[in-house]
Amino acid sequence: MVIFGNSENKQYFWNCLMSKTISILILLVTLLSSCIKEKSSGADLVVGDMVPDFTVVTDDGTSLTGEQLSQGASCIVFFTTVCPDCQNALPHIQRLYDEYAPQGVQFVLISREEGADTIARYWEEHQLTMPYSAQTDRKIYELFAKTRVPRIYICGSGVIKAIFTDTPPPVYEDVADILKNI
C-alpha cells in the first residue's frame, strides 16, 4: 500500500506539514512574548463604575485618595516607563496636565510594578512634571484593571466617564474632548 503515491506527493505533504508547524510556532512565540508580562487578576472597571477607594503617595510627598479624586474632575493614569504605548501616551498626558491641572482637574499617574528611581530618571530625561506614585506591585492597579497599560481613567464626581487603553493608544484630542465635557 502506498500512502503518498509518488515522491512529489510525499515532498508536498512534508512541505505543508513543516509550513504549518512553523506558522503555529511563530504564533505561539508571538502570543507568549510581550514587552510587559500580563497577569489576569484584578477588577475590570467600566464606564459608569465608581472610583475605588485607594491611597497613594506621589513623588512630592502628597497623599491622594480615591475619595479626594472623586470630588471633581480627575485623570488617573496607570503606566510603566518600559511600555512603548505608555511612552507614546505620556507626552499627551503631560500636555493635558499642563492645560487642565490649572483649571482644577486632578491628575495622578500610578506606576504598575515600577520603582521610584526608574520613574524619576524617565521623568527627568523626558522633562515630565506630572505627579506620579511609584508602586512596585499591582495592588492599586488591580483595583481598576486586570491587564494592559496605559490605562487612563477620566472621572467626574467619582464616576468613571471614559477609559483609554493601548487599543489605540490615546492622544491629546481624545482625552481633551472628554475633559472639556466634565
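Please report the antiparallel percentage of DSSP beta bridges with both residues in the range 55-180, rounded to the nearest 5.
Numbers: 14 of 22 bridges.
About 65 percent, rounded to the nearest 5.
Tell me whether the range 55-180 comes out rounded, prolate or oblate; compute the Cα gyration tensor, take square roots of the eigenvalues as a ≥ b ≥ c, and use a/c under 1.5 as the rounded threshold.
Judged from the Cα gyration tensor, the range 55-180 comes out rounded (a/c under 1.5).
Classify the range 123-182: rounded, prolate or oblate, from the alpha-carbon gyration tensor (a ≥ b ≥ c, eigenvalue square roots; a/c under 1.5 rounded; otherwise prolate if a/b is larger than b/c)? Write out the running numbers ahead of the final one.
Numbers: a/c = 1.56, a/b = 1.15, b/c = 1.35.
Cα axes put the range 123-182 in the oblate bin.
Taken together, the values in this text are just the output of simple stated rules run on the coordinates, not laboratory data. Fair warning: this is a prediction, and the values are worked out from it, not measured in the lab.
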